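The values are calculated or read from the model by the stated rules, or taken from the named source; none is laboratory data. What you see is a predicted model, and the numbers here were worked out from it, not measured in a lab. Heads up, the Cβs are rebuilt from the backbone with ideal geometry, glycines too, and the neighbour counts pull from every protein chain shown.
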């Protein structure tokens, strides 16, 4: 912290000059598990209005904007005995899609797996390995 004419000024460190691994040492930062420290994001004590739920549903659908395109591509491919898989990625989240051609197509998709949530990234790798094994 700099002091100029009795005013405290904070020096910013550019993101390009620091890594996530160096933050604990640089700032004496302690990384805590979200369940232990940040319980506000898990609370059920706040009431959500029906109108707010409706708006959230619209946001959720907008968040899966790639789903219609992926499904269109998957349904346009020649029918196969094996399932078709697709993966939507937005940089932090992964959504798997599966389509099976039977007499009529059946599809499902996973909930969004996040690199910021628990072992989700490990689950992404497991699913990718299972898909690879299913397709070989």
Q) If you scan the range 97-132, which residues turn out to be part of a loop (DSSP other than H, G, I, E, B), out of contact with any helix residue (DSSP H, G or I) (no Cβ under 7 Å at 6 or more places or on another chain) and over 22 Å from residue 74 (Cα atoms)? A) 116, 117, 118, 119
Q. Which number in (1) surrounded by 11 or more Cβ atoms within 10 Å (Cβ to Cβ); (2) within 14 Å of the chain's Cα centre (by Cα); (3) at pLDDT below 85 marks the one condition that residue 87 misses?
A. (3)
**Q.** Candidate set from the range 118-136 (those that are at pLDDT 90 or above and closer than 20 Å to residue 91 by Cβ); member that is surrounded by the most Cβ atoms within 10 Å (Cβ to Cβ)
**A.** 124
Q. Quick check, is residue 79 assigned to a loop (DSSP other than H, G, I, E, B) and either modelled with pLDDT of 85 or more or over 19 Å from residue 113 (Cβ atoms) (or both)?
A. yes
Q. If a residue has to be at pLDDT below 75 and in contact with a helix residue (DSSP H, G or I) (Cβ under 9 Å, 6 or more places away or on another chain) to count, how many in the range 19-62 make the cut?
A. 8
Q) When residue 86 is evaluated against the numbered criteria (1) in contact (Cβ under 8 Å) with a residue 24 or more places away in the chain; (2) in contact with a strand residue (DSSP E or B) (Cβ under 8 Å, 6 or more places away or on another chain), which criterion, by number, is the only one it fails? A) (1)
Q. Taking residue 113, is it under 24 Å from residue 20 (Cβ atoms), loosely packed, with under 13 Cβ neighbours inside 10 Å and free of Cβ contacts under 8 Å to residues at least 40 places away in the same chain?
A. no
